[in-house]
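The block underneath contains the structure these notes are about, expressed in structure tokens.
The values are calculated or read from the model by the stated rules, or taken from the named source; none is laboratory data. The shown structure was predicted, so the numbers you read here are calculated from the model rather than taken from an experiment. With ideal geometry, Cβ positions are generated from the backbone for all residues, glycine too; neighbour counts draw on all protein chains shown. Note: areas computed on protein heavy atoms with side chains; ligands, DNA, RNA excluded. Shrake-Rupley method; radii C 1.70, N 1.55, O 1.52, S 1.80 Å.
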Amino acid sequence: MKKLNLKAAGRVAAILATSSMMATLGNLVGVSQTQAGADPATASAYVGVGSDTIQDLFDAYSGANPYPASSATQYYTPLHGSAASGNKTISSWDAIPAGGSASAPGCIVAKYGGGSFDRPNGSGNGIAALSHAIDSTPWFNPSLPASCTGNTAPGGNVSGQIDFARSSRGPKAGTSPCTAAAASCLSFIPFARDAVSFAYFDHGLNEIATLTTAQLQQLYSNTTTGSITLANGNIVKACITQQGSGTTGFWETALGITDATAQAASAASGCTANPSLLEENGANQFYTFASTLPAGQDAVVDFSVGSWISQANGAALDRSATARANFVDMGAIDALGKPYTGTAPNEAPNTTFYNSTTYGRNLQVVVQTSRLGTFGDAGLKSLFLGASAAVCSASAQTTAAKFGFDSTLVGGTCGTAVTANLYS
Amino acid sequence: MKFKPRGIAAKFAAATAITVGGLAMFGVPAMAGTSSGNATILDPASNKPLNTGGSTTTWTIGLPPQAHCTKDTATNAYHVYSYIVPASVNPNTLSFTSTGPTDPTLNPLDYPLVDTFGSPYIAANTAPNTGQVIQIPQFNWAAFSIDARGTTASLPAGTYNVGIACATGAGVEDVFWNVQKTFTAAASDPAGETWTAANPTTSVPETPTAILLPLSFIAIIGVGGGMIVLRRRRNIEAPIAV
């Protein structure tokens, strides 16, 4: 035994000595000191959160698969900045993860080494979380039950964890432009165009395929029953999507109705709680309510046209297949016509509808204004700022079009920032 | 021999006490950041100290081994920042916001460092739990110039404190690692200035390794050799089994 132990010890010593020599040699020639040049792209990617409406498009922009694994899986060319600014890419956290819901979107760790916080769900959440990331105050989603560390007041640590917010709306009215110090300003940067109309269920009768603005205003103003009665005696019930959603806010603004009123009407109709937690752009969840209505009772809900098209065409995560199969469709407003043309999988925007100053809207990226300044962040600017930004490139605009968003109508303003205060 | 380490420890403790006492006497604010050692300007290609350069020279900052913030980002919201401030600004008086460093005098020449791709190094995350400072990027001075030419920021000739600092979620400085750089006018440089770094003569990260590895090699050879000699002696002395 001793003989064997001594031999083993000698071998170990020899191996260690050889390793030590090689390490020393490596040290001398600098091999072990060379820094890696290809860390994961996520290590330097800019992190975004927010809007549900454009979450799938930004999945595509980040190089992720925006559709559940299937034969329809498609990857897109990731959005990346210029070579001079480091070819920086983006990481985009969905508003609602696949299999999740607006009432339980869960929590995220946005960057390596960062803390856990509520997943921002919607444009309003995204802009608020970004604002907290800038002014280094804790953030949590007050609409949700506690689910993450830091979910309850004062909230989780988001400082430095979010670089941009996805937004399906511009700054709130009266908050633009920002006149405060640049550090406390946000910049809203449009990059594509969408429209909002209503999705409807009328038992396949097409009796509410077209509604007027006046009818919709009456419907969402009725806080007593949350409904209107048509000339034929049928009843139409109002559903509003979750509070804080950019689509929700835009719809309410288009109709000239306050959020409180719309939320009350939707609750009065029996469609949602108050405030609503109805997931936007998920017609299946809307149909869960609508399918319970007896003959003679119909329902409508606000819906992004681009999201509708992208789901029907199979570009985005389809949260509306069951509803579409059961006669849920997008409705026309006034004389604008049906908001999309063609049939799935080749639906396309109705440019007349998208051009509407009332129902058409620009989609935005929101960033801290100071990061766009002269002494700003070259990578972020290369991705989002100005007509030559990556998000305004022909490639990125083609991808946007595949997700139902009209890129040409916004051409003149793509990449042009408008400032507003934090939390706007 | 046994008592020597204790003697060194006692001397170190006494020196520390004198230093701390001295700082207190000179009125360093209670909330001031604490130096956690020297920073070293390094050539990223060789990881060796880099003492001179121009505005387009690529460099990075070396910190002592296992340099870390007092607490981490994930649980305690501490972050890592970079800074360049005039030599007249004591780096222990800095605080940090989402735009970089600032000091009580609001010196307009307080800046974050800018990496070689034009992005300021601000509010970086630490490693989880340990609070270790990780992934310090490569920098150059292309975003600055002696006379704010073009779109560059003004960085007049002179001596500056340059370094890495940790700060709490509220931006209060925690610990920092500092080195001084002196900028001198140079018409041939695109930014109109070149620099020299007052790198420390020791504590470069790779130095301990360069010393320890050869020493460990010698030690292992010594132990291995000793064991072989021992075995041979035992073989000679052992009675022959029958």
Give the Debye-formula value of log10 I(q)/I(0) at each listed q (0.15, 0.17, 0.19, 0.21 Å⁻¹), with one equal scatterer per alpha carbon of the range A:278-397, two decimals each. -0.83, -0.96, -1.08, -1.19
Please list the non-local residues whose amide H lies under 5 Å from the amide H of B:ILE61, H modeled 1.01 Å from N, same-chain partners needing a gap of 5 or more. B:LEU42
Work out the FRET efficiency for A:THR358 and A:GLN74 from their Cβ-Cβ distance, taking R0 = 30 Å, and round it to the nearest 0.05. 0.35
Within the accessible area of the range A:271-424, what % is carbon and sulfur when the probe is 1.4 Å and the other protein chains stay in place? 56
Just subtract the alpha-carbon distance of A:THR288 and A:TYR112 from 0.36 nm times their residue separation and send over the number in nm, one decimal. 59.5 nm
Any idea of the total accessible area buried by the B-A contact, 1.4 Å probe, rounded to 100 Å²? 3100
In the range A:156-195, accessible area falls by at least 50 Å² from chain alone to full assembly (1.4 Å probe) for A:ASN157
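What FRET efficiency would be calculated for the residue pair B:ALA170, A:ALA348, taking the C-beta separation as r and a Förster radius of 51 Å, to the nearest 0.05?
For R0 = 51 Å, the calculated efficiency reads 0.50.
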I'd like the mean, over residues of A:86-93, of how many other protein chain beta carbons sit within 10 Å of each residue's own Cβ. 1
Do any residues of the range B:54-97 lose at least 20 Å² of accessible area when the full set of protein chains is present rather than just their chain alone, and if so which, with a 1.4 Å probe? B:THR73, B:ALA74, B:ALA77, B:HIS79
Normalised per residue, the volume of the convex hull around the Cα set of the range A:73-152 (Å³): 133
Report, in order of residue number, the helices in chain A meeting two criteria: a C-alpha extent of 24 Å or more along the helix axis, and a mean Kyte-Doolittle hydropathy of at least -0.5; treat each whole DSSP H run as one helix. A:2-29
Less than 17 Å from a label point 7 Å out along the Cα-to-Cβ axis of B:THR75: which backbone N atoms in the range A:104-145 qualify, by residue? A:113-117
1.4 Å probe accessible area per residue over the range A:266-368, in Å²: 33
Alpha-carbon gyration tensor eigenvalues x 5, square-rooted, for chain A, Å: 47, 24, 21
To the nearest µm²/s, what D does Stokes-Einstein give for the range A:334-424 at 25 °C and 0.890 mPa s, using the Kirkwood radius over alpha carbon pairs as Rh? 165
Please compute P(r) over all alpha-carbon pairs of the range A:163-270, binned at 5 Å starting from zero, and give each bin as a whole-number percent. 2, 11, 18, 20, 16, 12, 8, 6, 4, 2, 1, 0
Which residues does a label at A:ASN65 reach in the range A:385-424, if reach means a backbone N under 13 Å from a point 7 Å past the Cα toward the Cβ? none
With only alpha-carbon pairs counted, each pair once and no self-pairs, how large is the Kirkwood hydrodynamic radius of the range A:52-110 in angstroms? 12.8
Only protein chains counted, 1.4 angstrom probe. Which residues of the range B:128-160 are at least 30 Å² less accessible in the assembly than when their chain is isolated? B:PRO128, B:GLN135, B:THR151
Pairwise Cα inverse-distance average, inverted: Kirkwood Rh of the range A:246-343 (Å): 14.4
How big is D, in µm² s⁻¹, for the range B:101-196 by Stokes-Einstein at 37 °C and 0.692 mPa s if Rh is the Kirkwood radius over C-alpha pairs? 222
Rounded to whole angstroms and listed largest first, the alpha-carbon spread of the range B:35-101 along its three principal axes comes to 36, 29, 21
What order, most packed first, do the peptides B:53-59, A:239-245 have when packing is the mean number of other Cβ atoms within 10 Å of each residue? A:239-245, B:53-59
When the C-alpha atoms of the range A:299-357 are aligned to their principal axes, what extent does each axis show, in angstrom, from largest down? 30, 25, 16
List the aspartates and glutamates whose Cα lies under 15 Å from the Cα of A:LYS237, skipping any in the same chain that are fewer than 8 positions away. A:ASP202, A:GLU207, A:ASP298, A:ASP302
Sum of -39500 (n - 2.57) over DSSP H runs of 4+, divided by residues of chain A (222 nm, nearest 500): -8000 deg cm²/dmol
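FRET efficiency for B:ALA186 and B:GLN66, Cβ-Cβ distance as r, R0 = 56 Å, nearest 0.05? If you can, show how the numbers build up before the last one.
On the way: r = 37 Å, r/R0 = 0.66.
After rounding, the FRET efficiency stands at 0.90.
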